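See structure below.
The values are calculated or read from the model by the stated rules, or taken from the named source; none is laboratory data. Since the model is a prediction, treat every value here as computed from it, not as a measurement. Backbone-built Cβ (ideal geometry, glycine too); neighbour counts: all protein chains shown. Please note that ligands, DNA and RNA were not included when accessible areas were found on the heavy atoms of the full protein model with its side chains. Shrake-Rupley method; radii C 1.70, N 1.55, O 1.52, S 1.80 Å.
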Amino acid sequence: HADVAGGKFDAILGRLREHPRVRTLGPQPYGQFSRLLAEGGIALDLMARNTERELAVTSRTVQYLAAGLPVIYNDYSELSGAIRDAEAGWTLADGDATGLRELVVRLLGGAIDPTPQAEAAYRLAAERFDPARSIDALDGFCDNPIERPGKIAARLAFEERDRRLAKAEAELSRTRSRLETLRGKRWVRWGLNLLSTRGVFALPIALLAIVLGAALLPVFYLNDRFGK
């Protein structure tokens, strides 16, 4: 891991170019690059653990396998299980510096013959990751696209939901406009002011209602008794 901001990457490239075991190459045609990879021995493709790397099927790694290069790879990625099961390389835990060092020493010292892994890598790429085969499903769909069941109904439901939402928003806007217009009426302002001060007049109004009720009670009784 290195900080490559502010031109620091150029400094790292400069150090690599000066190393006696590093060869730097410029852009080149894909076929030429593939042939060049096939001249190699082992691909080193490790990366610190991250969510994107866990899910990705890295085309770079598939290209290494297709060139017959066994891969030193992560043990947590989408491709890890395939590489491990096919014995097309070696998978290491994130941050396992000791395991990486021991593996490289054994490979460079001849303690491990990578020929079986190289053959397995080529076979894995041909059987599972051949571009001509992997795009068959997509190519077939493009030739005969079929919408999944219920897709039209789901689309119409979304359109109806959007239509109702737009209608509700328009009604809300009109209602707000009308309320603002009403707020401008003088009699509405008086009513609102009266409602805001109803607590002040609540006790006098209640007392007046009691007095009026007591005064009218005999009248109601006489009307009920002798009204007929």
### Task
Sort out which residues of the range 107-119 are on the phi < 0 side of the Ramachandran plot and either surrounded by fewer than 13 Cβ atoms within 10 Å (Cβ to Cβ) or touching a strand residue (DSSP E or B) at 6+ places or on another chain (Cβ under 8 Å) (or both), and write them in order of number.
Leu108, Gly109, Ala111, Asp113, Thr115, Pro116, Gln117
### Task
Provide a single number: the residues in the range 75-105 that are assigned to a loop (DSSP other than H, G, I, E, B), farther than 23 Å from Thr51 by Cβ, of a type in the set (A, V, I, L, M) and open to solvent by 40 Å² or more (accessible area, probe 1.4 Å).
0
### Task
Could you check, for the range 150-161, whether at least one of its residues is in contact with a Gly (Cβ under 9 Å, 6 or more places away or on another chain) and of a type in the set (Phe, Trp, Tyr)?
no
### Task
Output yes when any residue across the range 105-122 is of a type in the set (Phe, Trp, Tyr) and at pLDDT 95 or above, and no when none is.
no
### Task
Please work out if Gly89 is under 17 Å from Glu119 (Cα atoms) and modelled with pLDDT under 90.
no
### Task
Kindly indicate whether any position in the range 26-45 is of a type in the set (A, V, I, L, M), surrounded by fewer than 17 Cβ atoms within 10 Å (Cβ to Cβ) and under 23 Å from the mean Cα position of the chain (by Cα).
no
### Query
Which one of these does Ile72 not meet: (1) part of a loop (DSSP other than H, G, I, E, B); (2) open to solvent by less than 50 Å² (accessible area, probe 1.4 Å); (3) farther than 21 Å from Tyr30 by Cα?
(1)
### Query
Taking the range 1-50, which residues are of a type in the set (Ser, Thr, Tyr) and more than 22 Å from Ile72 (Cβ to Cβ)?
Tyr30
### Task
Please enumerate the residues belonging to the range 36-47 that are in contact with a strand residue (DSSP E or B) (Cβ under 9 Å, 6 or more places away or on another chain) and assigned to a loop (DSSP other than H, G, I, E, B).
Ile42, Leu46, Met47
### Query
If you take the residues of the range 46-69 that are open to solvent by 30 Å² or more (accessible area, probe 1.4 Å) and among the basic types (Lys, Arg), which of them is nearest to the chain's Cα centre (by Cα)?
Arg49
### Query
Regarding Leu13, is this residue more than 20 Å from Glu127 (Cα to Cα), surrounded by fewer than 12 Cβ atoms within 10 Å (Cβ to Cβ) and of a type outside the set (Ser, Thr, Tyr)?
no
### Summary
Taking the range 57-69 and keeping residues within 23 Å of Ala97 (Cα to Cα) and in a loop (DSSP other than H, G, I, E, B) leaves Thr58, Leu69
